[in-house]
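Trainee: Take a look at this one; I'll ask things after.
The values are calculated or read from the model by the stated rules, or taken from the named source; none is laboratory data. Since the structure is predicted, the reported quantities are computational estimates derived from the model, not experimental observations. Cβ placement follows ideal geometry from the backbone for every residue including glycine, while neighbour counts extend to all protein chains displayed. With ligands, DNA and RNA removed, areas are computed over all heavy atoms of the protein, side chains included. Shrake-Rupley method; radii C 1.70, N 1.55, O 1.52, S 1.80 Å.
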Amino acid sequence: MTATSQPPFSTEEIAKEGIKPEEYQEIVKRLGRHPNKAELGMFGVMWSEHCCYKNSRPLLKQFPTTGKRILVGPGENAGVVDLGDGLQLAFKIESHNHPSAVEPFQGAATGVGGILRDIFTMGARPIAVLNSLRFGNLEDAKTRRLFSGVVSGIAHYGNCVGVPTVGGEVYFDKAYSGNPLVNVMALGLMETPEIVKSGASGIGNPVLYVGSTTGRDGMGGASFASAELSDESVDNRPAVQVGDPFLEKSLIEACLEAFKTGAVVAAQDMGAAGITCSTSEMAANGGVGVEFDLDKIPNRETGMIPYEYLLSESQERMLFVAKKGREQELIDIFVRWGLNAVVAGKVIEEPIVRILYQGEVAAEIPATALAENTPIYNRELLAEPPEYARKAWEWTSKDLPDCTFEGIEIKGKLQTWNDILLTLLDTPTIASKSWVYRQYDHQVQNNTVMLPGGADAAIIRLRPVGRDGEIERQGDKEIGKEENSHAQSPIPNAHSGVAATVDCNSRYVYLDPYEGAKAVVAEAARNLSCVGAEPLAVTDNLNFGSPEKPIGYWQLSEACRGLAEGCQELSTPVTGGNVSLYNETFDSQGNPQPIYPTPVVGMVGLIPDLNRICSQAWQSEGDIIYLLGLPIQSTIELGGSEYLATVHDSVAGKPPKIDFDLERRVQKACREGIRQGWVRSAHDCAEGGITVAVAECCINSHLGADIHFELPANNAQRWDEVLFGESGARIIVSVALAQQENWESYLQENLSSKWQKIGVVKNPQADLRVFTLDNKTLINVTIDNVSNHYYHSITKRLAVNKQLNTQLTTE
């Protein structure tokens, strides 16, 4: 069939594969003919945004990707950084948004499975998982169903596979009502002598299919992830994968054992686009071709055709290129672990992907046409910010009712600052996420140093595994087995750890994508600094609406510019990540409802001594409380704040601008204070401002505090700005009285006027009290009261759902 003949597919059939008319013409041009059904499907998934980043790739080029600790940057399954002492950390973040919107349990569960495969495909043993989740209003029954299902899915897969879920974040906002976000980050410690990469090499080398069987589940998942959600999306349940965490556990062990033999040339997991993606990417990355026979593939369903084999996203599957003559050695390993392993193809010289089926060629496409030389759209950027942003920026605090040191009048009723604080602590976005993390096994592997909810970042002990697979006993000289020539040498510092966090204030990014994205990077680094970790590197997950719409592309472009600048300023290169676009929901009337632009940053940091770390909790009565960063007297705006959104039901204003020079100085001072043993607790000021941060320190320690603001009751500043205004470069720390002189001397030398002594830690029976300069009381709440609001916010909202279900069942 020639390229000029009538297409064998209708316009609708082409569009169903996610291919635009002009893209189809480009396919015909590249092949010199019309594609067959299988080839059309292959192009559909590989040219989807999810796989080829056709709208975002030009923007990603501005990210800094190199640094003294970067061993592997973007382009591989995961980034790898050098932690020193022979330790290397692989880490990555991925999204599973659309599958979780349709089938929350399996969507979230397979999101965990997929990111774990990215880690151990590099030769690293997974040591921790974090997640960044976004849902609609928790008062809504659909949101409660999605929320419960996603958390259950994450818990199921992570708990069963034996990898601790150690931290994360959960936000609730109506912007995510129809399109929840499920971003999962994983960390792994390199266990193999060499980092395993994905480029195929060695003409004639066998290609092995290993792992689970192939079925029809997950068909076209990559294309599904690159389209807006609608009322009909429930019909795409087949595009949601089904995972088996117990099989994945066996796959982890088998793969790591196989890599250590030295018989594996390259490896690639079968995630999005399954066999199509793994064959084409391995071929393209190696500059060679792959011939692959579908008849050799173990399947779980009968009657499957090439289109289905190639687009299936059945889970727990991998592709290896093995050294010729050593394939049986690898097959034996997988058989011993109860897994499938077959030689299904070979590396060929011609740079194509050739798919065989029943003795004939079912598809033949240049590898780079699928994996590298894909469509790129350089879209035009708006000449000025869109109207919604310009209108939001006109807002000032003068638009709010007047307030005094006693409180603020809302809807004709005086709300005291006590009332406002309790309202904010009861807001699900701020409140304790204990209902979530108590479902996760966060202590499996016995390396979790800081439990979820206790600090600004998760902390994992670096306890390496020897090359022979045995845990190294760092306290003695038995490091691996002496007779094993591949055993690692003793670790000089046996008390080091890694800290990790995921962060994004999407309301900031919505109001000002450039400034908001900079704030995301700054907060992630600040959270690491608050536990004593030196920020090292970033993996990002860009969750946005449609880039084909001017506002959507403006948000994406400006956010990428902000992320790039933030990472450059804080010396945290980007090692890879994920792009998830078209996060929009069509309502019944066909109107698109995009999410807030949500560029989630996952950041890792190094802790040189686990004896020098900090939690949020006050440690002892009498400790002195300090504010690092902008003093109380500074002008802090309310734009984009949780206070403005929750109390005044308004999303407006400009988010805080980041002063990177001050940010670096404040974070360095916090880290140094922790390492010197001066700082006993540390917590950054984020949603809810200083007052919420102080309240969280009280809640975590069950100790009271007296806070003194050096402002008179009748000062010119608004008290809501002072109490609940949000800003970057602000950290609350506590220091023992005995260390006061050393600490203040250091601060005076390094932070000049950018610090303030604001209070003292009280006993367990004391309250949280906030006073003005002239000793008038702004806030006076019991720790039991704030704790009840903080800990019961989510559970009481979910209890409403259970009560309704009980009533319906009874009726």
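Each row is one residue, and each column tells you yes or no for (1) of a type in the set (Asp, Glu); (2) open to solvent by less than 10 Å² (accessible area, probe 1.4 Å).
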{"site": "Met304", "(1), (2)": "no, yes"}
{"site": "Glu316", "(1), (2)": "yes, yes"}
{"site": "Leu330", "(1), (2)": "no, yes"}
{"site": "Arg354", "(1), (2)": "no, no"}
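Trainee: Among the residues of the stretch 731-746, are any touching a strand residue (DSSP E or B) at 6+ places or on another chain (Cβ under 8 Å), modelled with pLDDT under 95 and more than 17 Å from Ala617 (Cβ to Cβ)?
Mentor: Scanning the stretch 731-746 turns up no residue that is touching a strand residue (DSSP E or B) at 6+ places or on another chain (Cβ under 8 Å), modelled with pLDDT under 95 and more than 17 Å from Ala617 (Cβ to Cβ).
Trainee: Please state which one of Val343, Val321 is of a type in the set (Val, Ile, Thr), closer than 30 Å to Leu247 by Cα, open to solvent by 30 Å² or more (accessible area, probe 1.4 Å) and touching a strand residue (DSSP E or B) at 6+ places or on another chain (Cβ under 8 Å).
Mentor: Just one listed residue meets the conditions, Val343.
Trainee: Residue check, Val102 against (1) surrounded by fewer than 21 Cβ atoms within 10 Å (Cβ to Cβ); (2) among the aliphatic types (A, V, I, L, M); (3) closer than 22 Å to Glu253 by Cβ, all met but one. Which one?
Mentor: Val102 satisfies all of (1) surrounded by fewer than 21 Cβ atoms within 10 Å (Cβ to Cβ); (2) among the aliphatic types (A, V, I, L, M); (3) closer than 22 Å to Glu253 by Cβ except (3).
Trainee: Among the numbered criteria (1) over 30 Å from Arg438 (Cβ atoms); (2) among the hydroxyl-bearing types (Ser, Thr, Tyr); (3) in contact with a Phe, Trp or Tyr (Cβ under 9 Å, 6 or more places away or on another chain), which one does Thr143 miss?
Mentor: Thr143 satisfies every listed condition except (1).
Trainee: Separate question: Would you confirm, using the coordinates I've provided, whether Val112 is part of a strand (DSSP E or B) and touching a Gly at 6+ places or on another chain (Cβ under 9 Å)?
Mentor: no
Trainee: Find the strands (runs of 3 or more DSSP E) located wholly in the stretch 577-692 whose residues include 3 or more that are open to solvent by 10 Å² or more (accessible area, probe 1.4 Å) and modelled with pLDDT under 95, and list them. So that I can check it myself, show each step before the final result.
Mentor: Numbers: elements: 584-586, 592-594, 598-607, 624-629, 679-684.
Because the criterion is at least 3 residues that are open to solvent by 10 Å² or more (accessible area, probe 1.4 Å) and modelled with pLDDT under 95, the strands (runs of 3 or more DSSP E) in the stretch 577-692 that meet it are 592-594.
Trainee: Is there a residue being in contact (Cβ under 8 Å) with a residue 12 or more places away in the chain, part of a loop (DSSP other than H, G, I, E, B) and either open to solvent by less than 20 Å² (accessible area, probe 1.4 Å) or over 25 Å from Cys530 (Cβ atoms) (or both) anywhere in the stretch 400-414?
Mentor: Taking every residue of the stretch 400-414 in turn, at least one turns out to be in contact (Cβ under 8 Å) with a residue 12 or more places away in the chain, part of a loop (DSSP other than H, G, I, E, B) and either open to solvent by less than 20 Å² (accessible area, probe 1.4 Å) or over 25 Å from Cys530 (Cβ atoms) (or both).
Trainee: Go through the residues of the stretch 512-530 one by one and say whether even a single one is in contact with a strand residue (DSSP E or B) (Cβ under 9 Å, 6 or more places away or on another chain), open to solvent by less than 20 Å² (accessible area, probe 1.4 Å) and in a strand (DSSP E or B).
Mentor: No, there is no match, as no residue in the stretch 512-530 is in contact with a strand residue (DSSP E or B) (Cβ under 9 Å, 6 or more places away or on another chain), open to solvent by less than 20 Å² (accessible area, probe 1.4 Å) and in a strand (DSSP E or B).
Trainee: Scan the stretch 244-263 and report the pairs whose first residue is β-branched (Val, Ile, Thr) and whose second residue is not in a helix (DSSP H, G or I), with Cβ atoms within less than 8 Å and a gap of 6+ or a chain change.
Mentor: Matching pairs, first to second residue: Ile252/Arg125; Ile252/Pro126; Thr261/Arg326.
Trainee: At least 3 residues that are touching a residue at least 24 places away in the same chain (Cβ under 8 Å), hydrophobic (A, V, I, L, M, F, W, C) and open to solvent by less than 20 Å² (accessible area, probe 1.4 Å) in each: list the helices (runs of 4 or more DSSP H) lying fully within the stretch 3-47 that qualify.
Mentor: In the stretch 3-47, 37-46 are the helices (runs of 4 or more DSSP H) which contain 3 or more residues that are touching a residue at least 24 places away in the same chain (Cβ under 8 Å), hydrophobic (A, V, I, L, M, F, W, C) and open to solvent by less than 20 Å² (accessible area, probe 1.4 Å).
Trainee: Okay, next question. Across the stretch 654-707, what is the total count of residues that are under 25 Å from the mean Cα position of the chain (by Cα) and at positive phi?
Mentor: 2
Trainee: Another question, if that's okay. Identify the single condition in (1) closer than 26 Å to Arg134 by Cα; (2) part of a strand (DSSP E or B); (3) not aliphatic (A, V, I, L, M) that Lys54 does not satisfy, given that it satisfies every other one.
Mentor: (2)
Trainee: Still on this model: Any chance the stretch 471-480 includes a residue that's open to solvent by 20 Å² or more (accessible area, probe 1.4 Å), modelled with pLDDT under 95 and part of a strand (DSSP E or B)?
Mentor: Yes: one or more hits.
Trainee: Name the residue that is most open to solvent (accessible area, probe 1.4 Å), counting only residues in the stretch 49-99 that are more than 23 Å from Val196 (Cα to Cα) and over 21 Å from the mean Cα position of the chain (by Cα).
Mentor: Ranking the candidates gives Pro58 first.
Trainee: Name the residue that is surrounded by the fewest Cβ atoms within 10 Å (Cβ to Cβ), counting only residues in the stretch 370-398 that are acidic (Asp, Glu) and at pLDDT below 95.
Mentor: Once the filter is applied, the top-ranked residue is Glu380.
Trainee: Specify the residue that is least open to solvent (accessible area, probe 1.4 Å); the eligible residues are those in the stretch 435-466 that are outside any loop (DSSP other than H, G, I, E, B) and more than 25 Å from Ile794 (Cβ to Cβ). Give the steps one after another, and end with the answer.
Mentor: Step one: list which residues in the stretch 435-466 are outside any loop (DSSP other than H, G, I, E, B), which gives 435-437, 444-446, 448-450, 458-461, 465.
Next, from what is left, pick out any that are more than 25 Å from Ile794 (Cβ to Cβ): 445-446, 449, 460-461, 465.
Values: Gln445: 58, Asn446: 108, Val449: 47, Ile460: 5, Arg461: 83, Val465: 22 Å².
Looking at residues that are outside any loop (DSSP other than H, G, I, E, B) and more than 25 Å from Ile794 (Cβ to Cβ), I get Ile460.
Trainee: Test Ala222 against the criterion of being part of a helix (DSSP H, G or I), of a type in the set (Gly, Ala, Ser) and at pLDDT below 95, and give yes or no.
Mentor: Spelling it out, Ala222 is indeed part of a helix (DSSP H, G or I), of a type in the set (Gly, Ala, Ser) and at pLDDT below 95.
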